[in-house]
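Novice: Please read through the structure below; I'll follow up with questions.
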Amino acid sequence: MHKMLIGGALERGSRTLDVIDPSTGEAFDKVPDATTVDVDKAVAAATAAFPAWRDSSADARAGVLEAMAGVIEGNLDELADLLIAETGRPRDLAMFELAHLAVGYLRYYASLRLEPELLVDDDTRRVELHRKPLGVVAAIIPWNAPVFITCNKLAPALAAGNTVVVKTAPTTPLTTLRLGELIAEVVPHGVVNILSGGNEAGAHLVSHRDVAKVTFTGSTETGRKIMEACAPTLKRVTLELGGNDAAIVMPDADVATVAPGIFGFSFFNSGQVCAVIKRLYVHDSLYDEMCETLGAMAAGCKVGSGRHGDAQFGPIQNKAQFEKVRGYIEQARKDGKVVVGGDVTDGPGYFVPLTIIRDVTEGHAIVDEEPFGPVLPVIRYSDVDDVVARANASPFALGGSVWGSDVERASAVAARLESGSVWVNQHCALDPAVPFPANKQSGFGVEGGVEGLYPYTALQTVNIAKPQ
Ligand code: NAD
């Protein structure tokens, strides 16, 4: 059984949680299920490790991040096997998460340095602006990209001088626990602690009085509870929540040119990504052609277990989400017309065929809500001003994109979207150096880029009077 990393020691805990293979629905492993005692122990270890880590040099901390990236690269096959086992995804996607995203974000933050800024330096005084670490950071992780999201939080938090307690998602703990076992050799004791466990462990961690900041990625519903739990001690909080990204296909778009990109960014990881295309608005003049083209692409794809070679799209990661997606599809069949897919069987495994629904619009759940699965509603529009207003009418505002031949015109329309990221002729193009902000009920605080370091710091001005 893989163990939790607490204060540099590998711990079995006192109870266990089953890990389910989403390709079969059967339990295939067990992990520790952290109790409140384990959480307290991890927070105490992170608290004890904080002063030395805070006072270490930025170069030393960068060296540890580099070493963590090296550990992932040195154990890629083993980690990918675990990630495939717990998510069912194809190998290339598992490799992308580990080798490109997780390693990329660790290396990027290893390359940054937080230097004091000189604000005033005149005859009478010198004023500097410093950014100081906060203390113990609690990182709460969702199931859809477990290792990437863990590293995306560890990297800036550690680079800034904080220590961290990670709580993995209940259904995808394996790869992150293994990573914890592997990095125990290269990270000072207590600086990184990794717990597996359920929502209760998460709730105890985010309300712990010795935690200075919570960084959370997950559903908007849980985000609200976390914000509430942070209120009594006024913890700093970053929330990366749900999305319902709109993509707008302009009247001048060439369907054959844009369709592959739209298809890829709609069904990436079987739609289990916060910022993939979840509402596709297509101009009237291209509507039928786009539905047919995307439908043909989806029909040619293989959905199956990543454990067996040639599947391009894996299952839904867990039963609760599978049932949710199935419910959305059943309702969408009544509200609109199925272009392709739509037949969800009872298993074994949590497989959902790539599904495209046409002739739906606002007011239908498949358009207004976030199914978080391989289901794309295609919505008709005839006026660009109107479609911008409809795209912006969502309470979510994570990402959005505009697709067309006239790039300047498409860029001008993209600039009118209210989401944190907008893309033109692409979607969900993540880059560690580029901030990934969330607006409205998709969250706040920011990850990515230099801006992603700042929420892990407290500002301090240092004001020095000069002798007169
Ligand atoms: P979730 O909110 O159910 O769970 C996320 C994590 O929160 C889990 O580790 C869970 O155990 C923990 N948790 C649950 N209740 C808690 C509580 N009261 N206190 C503390 N922790 C608690 O989300 P999920 O189903 O794992 O993930 C899917 C959601 O995540 C989707 O809505 C998706 O859009 C969103 N997401 C957002 C981003 C982003 O960057 N904005 C990225 C990935 C996923």
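The values are calculated or read from the model by the stated rules, or taken from the named source; none is laboratory data. As the structure is a computational prediction, the values presented were derived from the model and not from experiment. Note that we place each Cβ from the backbone using ideal geometry, even for glycine, and neighbour counts take in every protein chain shown. These accessible areas exclude ligands, DNA and RNA; they are computed on the full protein's heavy atoms, side chains included. Shrake-Rupley method; radii C 1.70, N 1.55, O 1.52, S 1.80 Å.
Novice: Once the piece of chain linking residue 28 and residue 319 is laid out straight, how much longer is it, given 0.36 nm per residue of separation minus the C-alpha distance between them?
Specialist: Numbers: separation 291, 0.36 × 291 = 104.76 nm, distance 1.49 nm.
Gain on extension, residue 28 to residue 319, equals 103.3 nm.
Novice: Between the alpha-carbon centers of region 129-187 and region 398-449, tell me the distance in whole angstrom.
Specialist: Their Cα centres are 26 Å away from one another.
Novice: Right, something else. Would you calculate the convex hull of the Cα atoms in the chain and tell me its volume per residue in Å³? Could you put the intermediate results ahead of the total?
Specialist: Working: hull volume 68.4 nm³, N = 468.
Convex hull volume per residue, Cα atoms: 146 Å³.
Novice: Another question about this same structure. Round to the nearest 10 and give me the degree value, 0 to 90, for the angle of helix 146-159's Cα axis relative to the longest principal axis of the chain.
Specialist: On a 0 to 90 degree scale, this one is about 30.
Novice: Output the peptides 327-333, 298-304, 367-373 sorted from most to least packed, where packing is the average of other Cβ atoms within 10 Å over each peptide's residues.
Specialist: Numbers: 327-333: 18.0, 298-304: 15.6, 367-373: 22.6.
Most protected by this proxy first, the peptides run 367-373, 327-333, 298-304.
Novice: Here's a follow-up. Beyond 22 Å between alpha-carbons counts as too far, so tell me which of 213/324; 3/41; 30/324 fall in that bin. Working shown, then result.
Specialist: Working: 213/324 31 Å; 3/41 15 Å; 30/324 25 Å.
Over 22 Å Cα-Cα: 213/324; 30/324.
Novice: Kindly work out what percent of the DSSP beta bridges joining two residues of the chain are antiparallel, to the nearest 5.
Specialist: Details: 32 of 72 bridges.
Antiparallel bridges: around 45 percent, rounded to the nearest 5.
Novice: Any idea what the dipole of the chain comes to, in debye rounded to 20, about its Cα centre with Lys/Arg Cβ at +1 and Asp/Glu Cβ at -1? Don't skip to the answer; put the middle values down first.
Specialist: On the way: 41 positive and 58 negative charges, 263 e Å.
That gives a dipole near 1260 debye.
Novice: Next up: If each of residue 37 and residue 225 carries a label point 7 Å out from its Cα toward its Cβ, how far apart are those two points in nm?
Specialist: For residue 37 paired with residue 225, the spin-label model returns 2.4 nm.
Novice: Expressed as a rounded percentage, what relative contact order does region 1-62 have, with Cα pairs under 8 Å and six or more residues apart? Each step should come with its number before you reach the end.
Specialist: Values: 67 pairs, mean separation 17.6, N = 62.
The normalised contact order for region 1-62 reaches 28 percent.
Novice: Put +1 on the Cβ of each Lys and Arg and -1 on the Cβ of each Asp and Glu in region 246-431; which of 372, 261, 356 then has its Cα farthest toward the positive end of the dipole?
Specialist: Checking the options against the dipole of region 246-431, the answer is 372.
Novice: Evaluate E = 1/(1 + (r/R0)^6) for residue 15 and residue 233, where r is the Cβ-Cβ distance and R0 equals 45 Å; express this FRET efficiency to the nearest 0.05.
Specialist: Details: r = 28 Å, r/R0 = 0.62.
Computed FRET efficiency for residue 15 and residue 233 comes out at 0.95.
Novice: So for each of 310-319, 151-160 I average, over its residues, the number of other beta carbons within 10 Å; can you give me the resulting order with the highest mean first?
Specialist: 151-160, 310-319
Novice: For region 246-431, with only Lys/Arg (+1) and Asp/Glu (-1) charged at the beta-carbon, what is the dipole magnitude about the Cα centre, in debye rounded to 20?
Specialist: On the way: 15 positive and 24 negative charges, 138 e Å.
Using Cβ point charges on Lys, Arg, Asp and Glu, region 246-431 gives about 660 debye.
Novice: What length, rounded to one decimal in nm, is gained on full extension from residue 99 through to residue 66, with 0.36 nm per residue of separation minus their alpha-carbon distance?
Specialist: On the way: separation 33, 0.36 × 33 = 11.88 nm, distance 1.31 nm.
Length gained, residue 99 through residue 66: 10.6 nm.
Novice: Contour minus end-to-end for residue 252 and residue 54, with contour as 0.36 nm per residue of separation and end-to-end as the Cα-Cα distance?
Specialist: Numbers: separation 198, 0.36 × 198 = 71.28 nm, distance 5.42 nm.
In short, 65.9 nm is gained.
Novice: Roughly what would the spin-label model give for residue 199 and residue 119, points 7 Å off Cα along C-beta, in nm?
Specialist: Result for the modelled spin labels: 4.3 nm.
Novice: Take the alpha carbon atoms of region 62-108, find their center, do the same for region 220-268, and report the distance between the two centers in whole angstrom.
Specialist: With region 62-108 and region 220-268 each reduced to a Cα centre, they are spaced 23 Å.
Novice: Roughly how many percent of the accessible protein surface of the chain is carbon and sulfur, given a 1.4 Å probe and a whole-percent answer?
Specialist: Values: 9580 of 18100 Å².
Reported share for carbon and sulfur atoms: 53 percent.
Novice: Can you give me the accessible area per residue for the chain, using a 1.4 Å probe, in Å²?
Specialist: Details: 18100 Å² over 468 residues.
So the chain comes to 39 Å² accessible per residue, rounded to a whole number.
Novice: May I pose another question? Normalising by the residue count of region 83-129, find the relative contact order in percent from Cα pairs under 8 Å and 6+ residues apart.
Specialist: Values: 21 pairs, mean separation 8.9, N = 47.
So the answer I get is 19 percent.
Novice: Here's another thing I want to ask about it. Would you please give the FRET efficiency between residue 185 and residue 411, computed as 1/(1 + (r/R0)^6) with r the Cβ-Cβ distance and R0 = 45 Å, to the nearest 0.05? It would help to have the intermediate numbers written out before the result.
Specialist: Working: r = 48 Å, r/R0 = 1.06.
Here the calculated transfer efficiency is 0.40.
Novice: Could you work out the relative contact order of the chain? I mean the mean sequence separation of Cα pairs under 8 Å and 6+ apart, divided by the number of residues, in percent.
Specialist: 19 percent
Novice: Mind checking the dipole of region 1-59: about its Cα centre, +1 per Lys or Arg Cβ, -1 per Asp or Glu Cβ, Debye to the nearest 20?
Specialist: 220 debye
Novice: Which one of 327, 186, 246 has its Cα pushed farthest toward the positive end of the charge dipole of region 177-335, where Lys and Arg give +1 and Asp and Glu give -1 at the Cβ?
Specialist: 186
Novice: Of the DSSP beta bridges with both residues in region 246-431, give the percent that are antiparallel, rounding to the nearest 5.
Specialist: Numbers: 3 of 24 bridges.
Within region 246-431, antiparallel bridges account for around 10 percent of the total.
Novice: Please report how far the C-alpha centroid of region 13-54 lies from that of region 320-386, rounded to the nearest whole angstrom.
Specialist: That distance is 35 Å.
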